[in-house]
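Student: The structure follows.
The values are calculated or read from the model by the stated rules, or taken from the named source; none is laboratory data. Since this is a predicted model, take the numbers as computed values, not measurements. Reconstructed Cβ throughout: ideal geometry from the backbone, glycine too, with neighbour counts over all protein chains shown.
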Amino acid sequence: MAVFDLALCTLILLAALAAVAGPGLFRAVVFFVVYGVLIALAWVRLGAPDVALAEAAIGAGLTGVLLLGAVGRLSRAGADEPLTSRIDWPVALAAGLVGAMLVWAVLSLAPGPGLAPAVAEILPQTGVENPVTAVLLNLRAWDTLLESVVLLAALIGLWPLARGGAWQAAAGPVHHALPDGVLAGFGRLLPPVALLVGVYLVWAGAYQPGGAFQGGTVLAAAGVLCVMAGLVRAPGMAAPLWRLALVAGPGLFLALGVAGMAFGGFLLFPTALAKGMILAIEMVLTLSIAVTLALMVLGPPEGGGAQ
Amino acid sequence: MSTWLAVLAVGLLGSLAAALWRVWHGPGQADRMMAAQLVGTAGVGLLLILWAMGERAALDVALVLALLAALAAVGFVKASSVDGAGDPEEEAPDPSMIKGRRHDP
């Protein structure tokens, strides 16, 4: 498999180089999508299927839709001139410096098992069997809590861009498609499967790779597809229920974290209750992540009435 | 067995590399996008081979990739429509009018 790994590394470097240095915005975006698939493969080869799942869902999936939409918008606005091939030296210098620091960091890694034995030792007390979920939702719950808040903040940052300040209107443009066309048919076929896979990923996350972010992304994809196929109207923030869906995940996480103070400290989950608490957080957080990501991909409201 | 799987994996990676060549050369936007879809398909195939070689979780990654790689195609179709929210099928009875056929600058 050494040949395979070397070839994969070469393709990753080529795709990255083509995305960054190649001419044409559209080509760069397609190379970025391809790069996501290749990186997902690399993560599997490195034995990190959790990261591979996230990369496949976000890098090759949702980000691709977002960037392709952006290129389409630029081209409609007549702003998609070919990129100049002039090298921006300050940027190149900064990127080169960060790159050199990363290489130095990788080379100076001490060989050894890292933190894996320490996590394995404490795993029975965390309430879950997947070490990655244990780290994300118990041992380093702080990180995950803040990440979920960052996601929410990013969506709120989109709202000021709403057309006419109507941030409560339905997200994105009004999508339409040929009623019996390929797109509408695809929109009926894929979401049920995506729903099943998304729920499966969250449930399986307790004992094998998967979890709220991966499952939430797949669920978001299902929602985005339903809206893009013109089958349902995107939700608007005028409905309190949708706003609740956005804050429920981070809110419950925070509430249970505060409840943990009764057992010794903020975000400390007692072993006996940890499994139930983590599962509850994961499920509600999945919902919030799915709605937040879907609304971000659909974009700020562009008029066309609420709901 | 495992040697054959490795040979198969390298072969699939070769077809993936050919798709990269097509993404680079185009010439149409649709050509590049279809090549990206081929990369997604080859990626699913490769993950299945990695699963057969003992990488247990590769199957779930393949499932997610198969589901979401198609989403980029939907994004492309949307972006190719006149208002960015439509469907080229509903607006262009003549397929040569579909903007995806246009060549990049």
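Student: Just one of A:263, A:269 is in contact with a Leu (Cβ under 9 Å, 6 or more places away or on another chain) and touching a residue at least 40 places away in the same chain (Cβ under 8 Å); which is it? Explain how you work it out, then say what you get.
Tutor: Numbers: A:263 fails: touching a residue at least 40 places away in the same chain (Cβ under 8 Å).
Exactly one of A:263, A:269 is in contact with a Leu (Cβ under 9 Å, 6 or more places away or on another chain) and touching a residue at least 40 places away in the same chain (Cβ under 8 Å), namely A:269.
Student: Kindly indicate whether any position in region A:227-237 is of a type outside the set (Gly, Ala, Ser) and in contact with a strand residue (DSSP E or B) (Cβ under 7 Å, 6 or more places away or on another chain).
Tutor: Yes, region A:227-237 contains a residue that is of a type outside the set (Gly, Ala, Ser) and in contact with a strand residue (DSSP E or B) (Cβ under 7 Å, 6 or more places away or on another chain).
Student: What number of residues in region B:24-64 are part of a helix (DSSP H, G or I) and either under 18 Å from residue A:44 (Cβ atoms) or under 10 Å from the mean Cα position of the chain (by Cα) (or both)? I'd like the intermediate steps shown before the answer.
Tutor: The first filter runs over region B:24-64 and keeps only residues part of a helix (DSSP H, G or I), leaving B:24-25, B:29-52, B:58-64.
Narrowing the set further to residues that are either under 18 Å from residue A:44 (Cβ atoms) or under 10 Å from the mean Cα position of the chain (by Cα) (or both) leaves B:32-52, B:58-64.
Qualifying residue count, region B:24-64: 28.
Results for (1) of a type in the set (Phe, Trp, Tyr); (2) more than 14 Å from every other protein chain (Cβ to nearest Cβ); (3) assigned to a helix (DSSP H, G or I); (4) within 12 Å of residue A:287 (Cβ to Cβ), shown as yes or no for each residue.
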position	(1), (2), (3), (4)
A:227	no, no, yes, no
A:251	no, yes, yes, yes
A:257	no, yes, yes, no
A:261	no, yes, yes, no
A:265	no, yes, no, no
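Student: Right, residue B:8: facing chain A (nearest Cβ under 8 Å), at negative phi and of a type outside the set (S, T, N, Q) or not?
Tutor: When the stated conditions are applied, residue B:8 does not pass them.
Student: Any residue in region A:167-176 that is in a loop (DSSP other than H, G, I, E, B), farther than 27 Å from residue B:90 by Cβ, assigned by TED's automatic domain parsing to the domain that holds residue A:297 and in contact with a strand residue (DSSP E or B) (Cβ under 7 Å, 6 or more places away or on another chain)?
Tutor: Yes: one or more hits.
Student: How many of the residues in region A:1-16 are more than 7 Å from chain B (Cβ to nearest Cβ) and farther than 17 Å from residue A:99 by Cβ?
Tutor: Counting residues in region A:1-16 that are more than 7 Å from chain B (Cβ to nearest Cβ) and farther than 17 Å from residue A:99 by Cβ gives 4.
Student: Let me ask another. For region A:28-51, enumerate the residues that are closer than 23 Å to residue B:78 by Cβ, of a type outside the set (Val, Ile, Thr) and within 7 Å of chain B (Cβ to nearest Cβ). Spell out the reasoning first.
Tutor: Going residue by residue through region A:28-51, those that are closer than 23 Å to residue B:78 by Cβ are A:28-37.
When the remaining residues are screened for being of a type outside the set (Val, Ile, Thr), the result is A:28, A:31-32, A:35-36.
Matches in region A:28-51: A:31 only.
Student: Now for a different question. Which of the residues spanning region A:63-79 are among the β-branched types (Val, Ile, Thr), without any contact (Cβ under 8 Å) to a residue 60 or more places away in the chain and facing chain B (nearest Cβ under 7 Å)? Break it down stepwise before answering.
Tutor: So the first thing to find is which residues in region A:63-79 are among the β-branched types (Val, Ile, Thr), and the list is A:63, A:65, A:71.
Now restrict to residues that are without any contact (Cβ under 8 Å) to a residue 60 or more places away in the chain: A:63, A:71.
If the condition is that a residue be among the β-branched types (Val, Ile, Thr), without any contact (Cβ under 8 Å) to a residue 60 or more places away in the chain and facing chain B (nearest Cβ under 7 Å), then A:71 is the only one that fits.
Student: If you check every pair at least six apart or on different chains, which have Cβ atoms under 7 Å apart with a residue in region A:1-28 that is at pLDDT below 90 first and a residue that is among the hydroxyl-bearing types (Ser, Thr, Tyr) second?
Tutor: A:19/A:35; A:23/A:85
Student: For residue A:197, work out the one condition from (1) more than 20 Å from residue A:235 (Cα to Cα); (2) loosely packed, with under 15 Cβ neighbours inside 10 Å; (3) not aromatic (Phe, Trp, Tyr) it doesn't fulfil.
Tutor: (2)
Student: Residues of region A:180-222 being more than 7 Å from chain B (Cβ to nearest Cβ), without any contact (Cβ under 8 Å) to a residue 12 or more places away in the chain and not in a helix (DSSP H, G or I), which ones?
Tutor: A:180
Student: Related question: Name the pairs whose Cβ atoms lie under 9 Å apart, with the first residue in region B:37-55 and among the charged types (D, E, K, R), the second assigned to a loop (DSSP other than H, G, I, E, B), and 6 or more positions between them or separate chains?
Tutor: Every condition considered, the pairs that remain are B:55/A:47.
Student: Oh, and also: With within 22 Å of residue A:219 (Cβ to Cβ), at pLDDT below 90, within 21 Å of the chain's Cα centre (by Cα) and facing another protein chain (nearest Cβ under 8 Å) as the only criterion, which of A:60, A:54 stands out?
Tutor: A:60
Student: Then there is this: Between residues in region B:79-102 that are under 16 Å from residue B:29 (Cβ atoms) and residues that are at pLDDT 75 or above and among the acidic types (Asp, Glu), which pairs lie under 7 Å by C-beta distance while being six or more apart or on different chains?
Tutor: B:81/B:87
Student: Among the residues of region A:228-242, are any on the phi > 0 side of the Ramachandran plot and either modelled with pLDDT under 80 or not assigned by TED's automatic domain parsing to the domain that holds residue A:172 (or both)?
Tutor: Checking region A:228-242: not a single residue is on the phi > 0 side of the Ramachandran plot and either modelled with pLDDT under 80 or not assigned by TED's automatic domain parsing to the domain that holds residue A:172 (or both).
Student: Right, residue A:261: surrounded by fewer than 19 Cβ atoms within 10 Å (Cβ to Cβ) and either among the basic types (Lys, Arg) or closer than 23 Å to residue A:199 by Cβ (or both) or not?
Tutor: no
Student: Related question: Within region B:37-78, restricting attention to residues that are of a type in the set (D, E, K, R) and facing chain A (nearest Cβ under 7 Å), which residue is nearest to residue B:7 (Cα to Cα)?
Tutor: Ranking the qualifying residues of region B:37-78, first place goes to B:55.
Student: Related question: Taking the stated definitions as given, is residue A:128 among the β-branched types (Val, Ile, Thr), away from chain B (no Cβ under 14 Å), more than 22 Å from the chain's Cα centre (by Cα) and crowded, with 20+ Cβ neighbours inside 10 Å?
Tutor: So residue A:128 fits the description; yes.
Student: Determine if region A:22-32 includes at least one residue that is crowded, with 16+ Cβ neighbours inside 10 Å and within 30 Å of residue A:204 (Cβ to Cβ).
Tutor: Within region A:22-32 (the criterion being crowded, with 16+ Cβ neighbours inside 10 Å and within 30 Å of residue A:204 (Cβ to Cβ)), the answer is yes, since at least one residue qualifies.
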